[in-house]
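Derivation of every value follows stated rules applied to the coordinates shown; laboratory data play no part. Just so it is clear, the model here is predicted, and its values are computed rather than measured. Quick reminder, even Gly has a Cβ in these numbers, built from the backbone with ideal geometry, and neighbours come from all protein chains shown.
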Amino acid sequence: MKKLNITQITAAVHRKNAQILVIVDNTFYTPVYQRPLTEGADVVVHSATKYLSGHNDLLGGILVCRDRKLAKKYFEYYITTGDTLDSFDSWLLLRSLKTLTIRVRQHTKNAQAIVKYLKDEPRIDKVLYPGQGGMISFYVKDEADVARFLDNVKIITFAESLGGVESLITIPYYQTHADVEIEQRQRLGITPKLLRLSVGLEAADDLIEDLKQALDS
């Protein structure tokens, strides 16, 4: 949930050592909001499972290289190991890319409305949002409210994934980052009060009402 200047970072890294590759995971922002190769990055990766497919119906990944020789090496590895998408999943992904821009913009519009609500909600301590995209993190003031809140969302689903048309909420401390050492989680601000919300394409008013009723439960 932090904005970084890719151009400055890549320039600094390459000045230090031109052989070091700068790799950017662009899953959250997608090419709609950020194109790291145009900002100096060497490699871009996407979890195609998330926004690029956007419907929670396939598993896949995408890797894009600035250097053609490096791209060829990755491609040779890809075809020899057989770790490839099947034909139907490839078709699903191509289908989904046709609606990527309109979906991502609506994710953002919904997320911005929810952020506005959360910042005014007295039971929420802090909201983390970079201004664009559909991903929000926020801290609940009272840890005792967390379990009840997660148990009572109705439109939003308590699940780990992200980037789909459905809104999903997760608690990173116990789920996505459970394997990270506790001390490191604390340094990163990943506490039992932190929730991560992947805002879907449902009506924003309905999502806000869902959050309200869950907090009231």
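See the values below:
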| quantity | calculated |
| --- | --- |
| Candidate set from segment 179-205 (those that are under 23 Å from Ile102 (Cβ atoms), surrounded by 14 or more Cβ atoms within 10 Å (Cβ to Cβ) and of a type outside the set (Val, Ile, Thr)); member that is nearest to the chain's Cα centre (by Cα) | Ser198 |
| Qualifying positions in segment 79-96 - loosely packed, with under 15 Cβ neighbours inside 10 Å and in a helix (DSSP H, G or I) | Ile79, Thr80, Thr81, Ser87, Phe88, Ser90, Trp91, Leu94, Arg95 |
| Residues (in contact with a helix residue (DSSP H, G or I) (Cβ under 8 Å, 6 or more places away or on another chain), buried (at least 18 other Cβ atoms within 10 Å of the Cβ) and not in a loop (DSSP other than H, G, I, E, B)) located in segment 130-178 | Met135, Ile136, Phe138, Val140, Phe149, Ile169 |
| Filtered residue count, segment 46-71, keeping only those that are more than 20 Å from Thr101 (Cβ to Cβ) and surrounded by fewer than 16 Cβ atoms within 10 Å (Cβ to Cβ) | 8 |
| Filter result (assigned to a loop (DSSP other than H, G, I, E, B) and either of a type in the set (A, V, I, L, M) or crowded, with 16+ Cβ neighbours inside 10 Å (or both)) within segment 19-45 | Ile20, Leu21, Val22, Asn26, Thr27, Phe28, Tyr29, Gln34, Arg35, Gly40, Ala41, Asp42 |
| The one condition in (1) closer than 30 Å to Asp210 by Cα; (2) small (Gly, Ala, Ser); (3) in a loop (DSSP other than H, G, I, E, B) that Ala111 fails to fulfil | (3) |
| Residue check, Thr10 part of a helix (DSSP H, G or I) and either without any contact (Cβ under 8 Å) to a residue 40 or more places away in the chain or surrounded by fewer than 19 Cβ atoms within 10 Å (Cβ to Cβ) (or both) | yes |
